[in-house]
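Right, one structure below, let's go through it.
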Amino acid sequence: MSCTELGFDDYGNLRVNKSADTEETFVFPASYDFTGYTGQFQIRATEAAASSLLTVTATATANGSVIVFDDNTITLRLKKADLTTLPNNATDADDPYEAVYQFVVTDTDSLTSQLIDGVLIAEKGVVR
């Protein structure tokens, strides 16, 4: 028997459960200082999709999803209410929905860098 862990895997894929809040914290060496940085986390159905399914910034969404910059850490908080807006798998509603995501940060000199990107795997969950 195996257990699938939520969060980031070794390949940058992000597994979330649509029936629960998700929080991921990136911790950098103490010499980093993210004061004044901004960021954007976006989920799209495909890389070519014209619009995003969910966009999270340092300004909280109506449901509370937010990116928090604090000294040498960056925390991504995805709220259940935002995750439940993601579609179900079109082929089989019980299978996880897969989309793509990218997380970028912008420093105080307006230089934007990619923090991480990959496939988002959204499991439906049992509790709704």
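Rule-based calculations on the coordinates, nothing more; no lab input. Predicted, not measured: the structure shown is a model, and the values here were computed from it. Here Cβ is always computed from backbone atoms with ideal geometry, including for glycine, and neighbour counts include all displayed protein chains.
Taking the Cα centre of the chain as origin and assigning +1 to Lys and Arg Cβ atoms and -1 to Asp and Glu Cβ atoms, the resulting dipole is close to 500 debye. Full extension of the chain segment joining Thr75 with Thr55 gains 5.7 nm, where the gain is 0.36 nm per residue of separation less the Cα-Cα distance. Computed over the chain with a Gaussian network model linking Cα atoms closer than 10 Å, the most mobile of Pro29, Pro87, Pro96 is Pro29. A Förster radius of 41 Å combined with the Cβ-Cβ distance from Val68 to Ala90 puts the calculated FRET efficiency at roughly 0.75.
Of Leu120, Thr106, Ala90, which is farthest along the charge dipole of the range 7-128 in the positive direction, counting Lys and Arg as +1 and Asp and Glu as -1 at C-beta? My answer, from the dipole projection, is Ala90. Taking the chain as a Gaussian network, Cα atoms linked when under 10 Å apart, which of Leu111, Leu14, Leu53 shows the biggest mean-square fluctuation? So, out of Leu111, Leu14, Leu53, the one fluctuating most is Leu111.
Evaluated at q = 0.15, 0.16, 0.22 Å⁻¹, a Debye calculation over the C-alpha positions of the range 9-123 (equal weights, vacuum) places log10 I(q)/I(0) at -0.66, -0.75, -1.32. For Lys18, the aspartates and glutamates whose Cα comes closer than 13 Å to its Cα, not counting residues fewer than 8 places off in the same chain, are Asp82, Asp94, Asp95, Glu98, Glu123. Which percent, to the nearest 5, of DSSP beta bridges fully inside the chain are antiparallel? Taking every DSSP beta bridge within the chain, about 90 percent pair in antiparallel fashion. Its relative contact order, with pairs defined as Cα atoms under 8 Å and 6+ residues apart, puts the chain at 31 percent.
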